[in-house]
Amino acid sequence: MATEQLSPMMQKYMETKQEYSDCILFYRLGDFYEMFFEDAKTASRELDLTLTGKSCGLVERAPMCGVPYHSSESYINRLVKKGYRVAICEQVEDPRTAKGLVKREVIRVVTPGTNMDDDTEEKGKNTFLVSICERGGAFGISAADVSTGDYYLTEEKDQAKLFDEVNKYAPPELIVSESFLHSGFDFEGLKQRFKTSITMQPDAAFDEDSCRKFLMKHFKVNSLSGLGLDRFPVGTTAAGVLLKYLYDTQKRDMGYFTRINPYFPGTYMLLDQSTERNLELLETMRDKTRRGSLLGVLDRTKTAMGGRLLRRIIEQPLTDEERIRVRQRKVLAFTENTLERDEIREYLSGILDLERLSARASYGTANPRDLIALRDSLSMLPAIKTVLVNLEEPEIKNMLEGFDTLEDLSSLIDRAIKDEPPILVHEGGIIKDGYDSAVDEYRAAGTDGKKWLMELEESEKEKTGIKNLKIRFNSVFGYYIEVSNSFKDKVPADYVRKQTLVGSERYINEPLKQLEDKILGAEEKLFAREYELFTEIRKKVSDETLRIQRAAEMLSSLDVMTDLSYVGEKNNYVMPEITDDGFIDIREGRHPVVEQMTGQEMFIPNDTLLDNKKHCVAVITGPNMAGKSTYMRQTALIVLMAQIGSPVPAKSARIGLVDRIFTRVGASDDLSTGRSTFMVEMSEVANILRNATSKSLLILDEIGRGTSTYDGLSIAWAVVEHISSRRLLGARTLFATHYHELTELEGKIDNVNNYRVAVKEKGDEIIFLRKIMKGSADRSYGIQVAKLAGVPDLVTDRARELLSRLSENDITEKLSDLELAKGDPKAMKAERKKNAEAVPGQMTFFDAATDSDIVKELTEIDITSLTPMDAMNTLYRLQNEAMNRFRT
C-alpha cells in the first residue's frame, strides 16, 4: 500500500498499526473506536458489526467499522476471548485545543492473560498469565493475576510435572521464548489441554541478568535474597519476563504487584488434570458446572477473595504435617465459638473484592462507585477486629497480628466522595459539599444560576409584554430565548435571532449571553475541579495498596477458615488425625458430594483401611452401579479434604500424608489427537506408574477393559503386581475390577486384599446394598444390571442362555488350569477337550492341529517353571496360532 497517497489522519493510523501489527487496533475518533482495512474485516466478522467504508486518499474506500467508546469493553472482551490481542489507541489531548491532528497514543494492549474487564473477572476465580523459562533442563514457571496483584514463581525439572503445574493455573495466555517455542516441546498439547494462547518473546527477553535487575528495580531492593528468590534462578527469569511483559502491554506502573511468592512444588500435593477432572474438584465432568463438585459443597464463603483462596487451597493440598495442623486449629477455634463465627461471617458478607478494587485504583481505572465500595468494605474491619479480640484461642489471637482496620482511608473516602456518585468521572456530582471550597463556590454558581435565569425570564416578560417567553438550553445553541410566532411582532430590536422553528423563533440578547458565560464557565470549572480531586483521592488509595492487600489476605483467610468450620458443622464432618505413618483409616466415610444429592440419612457409609504394609492394595469387585467408583472417589476426596485442613465426612479418620493422588476412572476417546479409549487409558496408567511413589494414593477403576479380555486381564494383573511390590512401588491403592481372576492374588501377594460390594438377590433381580465388605464377588450381575437399565427381556433372556454355555469355558477356568495345575499336561489337554465339547459346534485346538508342533510344544511345557503371566501369554499365543491354521 502506498502510504504517501493516504490522508494525513490515515497515515498516522498506519504508523501506529505497523507498530502493533499483531493486534486489532481500536483507533479513537470522536465518540467511536474505529477499525480499518483487515482489522475492520476481522472485527466485522467476529463482532457482527456493519462493514462500511471511509475515504482515505486511495482510489478505493478503506473498509471500516466501529464501536462506541463508552461500550467498547464488551467488544474488546469478546475479541480477547477468541484469542485476539487488542491495542487501544486513545486521544491524549483535547480536540478543542489541538492544533492540526489530535495526538493519539496506544495506552494499553489487551491480551487473553491481561484482560481486566469486569465481565471476565469471575468472582471466585483468578485469571493467571503464566510464563515459562527453560534452561539447563529446568523449567521456571511464574504466574500473575493482573486483576488482583497475585504473583508466584517456582521451578520444576520433570516435563510431565510441568504440565501439572501449569494446569493448576489454567492460564488463558502463556509466554515462552522463541527458541523454546521451536524446541519440539508439545505446545499443541498445552494449547489443547488448557485452551491457552501462546505468546512468543525474543530470546533476549529471557536474559537472566536483565530479568533480575528488572525485578530489583520494581521491588526497590538491592538484592533478590530478601524476596526469597535465591534458590529459584530459572523461576526468577520467568518472573522477570512476565513482569516486563505486563509493563510493555499495560503501559503504566504495575506498583500494585507488591509481593512475589516463591514456592517449592513439593510444598503442595501435585494434582494432574486427570485427577482434578475425575474427582470433580472444581466442576463436574458432564456439565462443567460448579454444582456437583467438591468446590460446590465446600464453598459457602462470603467474599470473592475467600472464594478464590478456597479454590487455590483445593487445588493445592498441603503435604506438611504442621501446616495442616495449624489450619485445623484455626477451623476448630471457630467451631468452638459458633456465635462469634456467625457474626464474623455476617460482617464478611458486606465486604466486596478488596483485591480487585485496590488493583483498579492502582491501575487508574477505579471510578467513584469503586471507591464507595472500598469505603463500605473497609468500614466492616473495626467490627470484625472487635469480635476477634474478644476470643481467647491462640490461633485466633495469631490472626490479629498486624490487623490494620484502615480507618484513615475509609474516613478520607467518606469525607470526600458522595454516597451515590456517578460512574463517569468527567461529569461532576462526585465530591461532597464542604470538602473543597472551590467546588462549593462553583456549585453555588450553578445553583444560583438557575435563580438568575428565572429572574431574567420574568424581567424580559415584563419588558416585552410577551407572556409565554421562555429561556431554555440545549447543547448546540446554549441558552436562548424562545418566542412563539404569535408574539413575534413584540420582539425588541436588541434580540438576535439564532434559530427559526415551525411555530417559534429562538433569540439571544446581551444580558443572557453574559449570564450564560458565567453559568457555563462555573459548570466547566466545577467538573474539572471534581475530576482533579477525585484523581488525587484515587492516588492516595493507590499509595496504600500494600495495606489493603494485607487486609484482603487476612480477610480471605478468615473467610475460608470460618467457611470450613461452618460447612463441617452443617454437614456433620469430623476433624481427621493427620500422621506421617502411611495409615489411612477411615470409619464410616461418606462421599461429600453424593450425600448432598441423596441426603445424608440415605447415604451408606463405608470404612477404608490402607497402609504400606499388609493393606497396600484393595481389589474391589462387584456389579456395575453398585457403588465401587463412588467409594473409591470418596476415599480420595476425604484424604484431599484432610490435607487442606478441612473437617471430613466420616465418623473418624486417621490420614497418613499423601504426596500425590492419581486416578484412572472412566473411559473416553480423545478424537482430537486420534487416540482410542484404550490408548487414553494406557497413557494415564503409564503416567501413574512412572510418577507415583510409595507415599501416593492410587484410584484405579477397571484397568484393561478397553481391549480384549486376555490382554485386559494380563495388563490388570501385571499392574497390581507392580503396584503392590514394595521394591517397585508399594503405593496405597484402591483397584476396582470385573476381572474376578484378580481376586486370586490375595493369597499370593501378602499386601493385596479382596473387598466386594454387597448385593442382595431376589429371584432374577438384585438390590444394591452399597456396603463394602471383605471378600470377593463371585459374579458381576451384568445381565441383571442390563435389565435394570431397561434392556428388553428378549435380549436378557438370550444373554442368560449364552452365559450358561460360555461359563463352562470361562476364562477363569483357563487361567486356573494354566496357572494352578502342577505340571500335568495330559490332564490339562483332556480338560480342554472336555470343556470344548461341552459347547456344541466349538472347534478345539486339537481338531485343527492334531499331532502338530502346537501340541508338541504344549506337552513339553514345564508348567511349574512358568509365572502366571508367562502361562497366560503362552496360552494366548498358541491359541492364536491354532486359530490361524484352522482359518487357512
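The values are calculated or read from the model by the stated rules, or taken from the named source; none is laboratory data. Everything numeric in this text was worked out from a predicted model, so none of it was measured. Positions of Cβ are backbone-derived with ideal geometry, glycine not excepted, and every protein chain shown enters the neighbour counts. Each accessible area value is taken on the protein alone, full model and side chains, heavy atoms only, with ligands, DNA and RNA left out. Shrake-Rupley method; radii C 1.70, N 1.55, O 1.52, S 1.80 Å.
Can you report the number of residues in segment 729-750 which are out of contact with any Asp or Glu (no Cβ under 6 Å at 6 or more places or on another chain), open to solvent by less than 30 Å² (accessible area, probe 1.4 Å) and among the small types (Gly, Ala, Ser)? Residues in segment 729-750 being out of contact with any Asp or Glu (no Cβ under 6 Å at 6 or more places or on another chain), open to solvent by less than 30 Å² (accessible area, probe 1.4 Å) and among the small types (Gly, Ala, Ser): 2 in total. Within segment 295-315, restricting attention to residues that are under 16 Å from residue 272 (Cα atoms) and touching a helix residue (DSSP H, G or I) at 6+ places or on another chain (Cβ under 7 Å), the residue that is most open to solvent (accessible area, probe 1.4 Å) is 311. Scanning segment 208-250 for residues that are among the hydrophobic types (A, V, I, L, M, F, W, C) and under 24 Å from the mean Cα position of the chain (by Cα) returns 238, 239, 241, 242, 243, 246. Only one of the listed residues (759, 785) is outside any strand (DSSP E or B), of a type in the set (Val, Ile, Thr) and farther than 26 Å from residue 643 by Cβ. That residue is 785. Pairs are defined by a Cβ separation below 9 Å, a sequence spacing of at least 6 or placement on different chains, a first member in segment 475-504 that is more than 23 Å from residue 524 (Cα to Cα), and a second member that is open to solvent by 60 Å² or more (accessible area, probe 1.4 Å) and among the small types (Gly, Ala, Ser); the pairs so defined are 503/486. Taking the conditions exactly as written (at pLDDT 95 or above, among the charged types (D, E, K, R) and surrounded by fewer than 14 Cβ atoms within 10 Å (Cβ to Cβ)), does residue 407 satisfy them or not? Against the criterion (at pLDDT 95 or above, among the charged types (D, E, K, R) and surrounded by fewer than 14 Cβ atoms within 10 Å (Cβ to Cβ)), residue 407 qualifies.
Restricted to segment 6-81, the set of strands (runs of 3 or more DSSP E) holding at least 3 residues that are more than 34 Å from the chain's Cα centre (by Cα) comprises 52-54, 62-68.
What about residue 275, is it open to solvent by less than 60 Å² (accessible area, probe 1.4 Å), in a loop (DSSP other than H, G, I, E, B) and in contact with a Lys or Arg (Cβ under 9 Å, 6 or more places away or on another chain)? So residue 275 fails the test.
Within segment 254-264, the set of residues being surrounded by fewer than 18 Cβ atoms within 10 Å (Cβ to Cβ) and either at positive phi or not in a loop (DSSP other than H, G, I, E, B) (or both) comprises 261 only. Here residue 873 meets the list (1) in a loop (DSSP other than H, G, I, E, B); (2) modelled with pLDDT of 55 or more almost entirely, failing just condition (1).
Here residue 526 meets each of (1) in contact with a Gly (Cβ under 7 Å, 6 or more places away or on another chain); (2) hydrophobic (A, V, I, L, M, F, W, C); (3) without any contact (Cβ under 8 Å) to a residue 24 or more places away in the chain with one exception, condition (3).
Number of residues in segment 449-467 that are closer than 17 Å to residue 512 by Cβ and touching a helix residue (DSSP H, G or I) at 6+ places or on another chain (Cβ under 9 Å) equals 9.
Exactly one residue among 32, 26, 37 is among the hydrophobic types (A, V, I, L, M, F, W, C) and more than 24 Å from residue 114 (Cα to Cα), and that residue is 37.
Taking segment 385-406 as the range and being charged (D, E, K, R), part of a loop (DSSP other than H, G, I, E, B) and within 30 Å of residue 371 (Cα to Cα) as the test, the residues that pass are 401, 404. When residue 82 is tested against (1) open to solvent by 40 Å² or more (accessible area, probe 1.4 Å); (2) touching a residue at least 24 places away in the same chain (Cβ under 8 Å); (3) farther than 27 Å from residue 245 by Cβ, just one condition goes unmet, and that condition is (3).
Within segment 775-794, residues that are among the aliphatic types (A, V, I, L, M) reach partners that are assigned to a loop (DSSP other than H, G, I, E, B) with beta carbons closer than 7 Å, at six or more positions or on different chains, in the pairs 777/622; 785/623; 785/624; 785/625. Among residues of segment 242-267 that are over 19 Å from residue 165 (Cα atoms), those with a Cβ under 7 angstrom from a residue that is of a type in the set (A, V, I, L, M, F, W, C) and open to solvent by 40 Å² or more (accessible area, probe 1.4 Å), sequence gap 6+ or separate chain, pair up as 243/214; 244/214; 251/107; 258/546. When segment 386-404 is filtered for residues that are acidic (Asp, Glu) and exposed (fewer than 13 other Cβ atoms within 10 Å of the Cβ), the ones remaining, listed by number, are 392, 401.
Conditions (1) open to solvent by 10 Å² or more (accessible area, probe 1.4 Å); (2) charged (D, E, K, R), marked per residue:
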site	(1), (2)
93	yes, yes
107	yes, no
113	no, no
133	no, no
140	no, no
159	yes, no
163	yes, no
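Considering segment 659-672, and only residues there that are modelled with pLDDT under 90 and of a type in the set (Ser, Thr, Tyr), the residue that is surrounded by the fewest Cβ atoms within 10 Å (Cβ to Cβ) turns out to be 672. Residues of segment 165-188 that are buried (at least 16 other Cβ atoms within 10 Å of the Cβ), over 22 Å from residue 127 (Cα atoms) and out of contact with any strand residue (DSSP E or B) (no Cβ under 9 Å at 6 or more places or on another chain): none at all.
Residues of segment 673-728 that are in a helix (DSSP H, G or I), closer than 23 Å to residue 270 by Cβ, open to solvent by 40 Å² or more (accessible area, probe 1.4 Å) and among the charged types (D, E, K, R): 690 alone. Restricting segment 732-752 to residues that are part of a loop (DSSP other than H, G, I, E, B) and out of contact with any Leu (no Cβ under 7 Å at 6 or more places or on another chain), the residue that is farthest from residue 706 (Cα to Cα) is 750. Filter segment 349-368 for residues that are farther than 26 Å from residue 144 by Cα and open to solvent by 10 Å² or more (accessible area, probe 1.4 Å); which is nearest to the chain's Cα centre (by Cα)? Once the filter is applied, the top-ranked residue is 349.
Within segment 191-209, the only residue that satisfies the criterion of being acidic (Asp, Glu) and either outside any helix (DSSP H, G or I) or open to solvent by less than 40 Å² (accessible area, probe 1.4 Å) (or both) is 207.
Here's the yes/no breakdown for (1) of a type in the set (Gly, Ala, Ser); (2) open to solvent by less than 40 Å² (accessible area, probe 1.4 Å):
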{"position": "32", "(1), (2)": "no, no"}
{"position": "43", "(1), (2)": "yes, yes"}
{"position": "63", "(1), (2)": "no, yes"}
{"position": "75", "(1), (2)": "no, no"}
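Of the residues making up segment 751-785, those that are within 24 Å of residue 720 (Cβ to Cβ), aliphatic (A, V, I, L, M) and crowded, with 16+ Cβ neighbours inside 10 Å are 752, 757, 758, 759, 772, 777.
For every residue, the table says whether it meets (1) over 30 Å from residue 537 (Cβ atoms); (2) of a type outside the set (D, E, K, R).
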site	(1), (2)
436	no, no
445	no, yes
449	no, yes
470	yes, no
491	yes, yes
495	yes, yes
500	yes, yes
508	yes, yes
517	yes, no
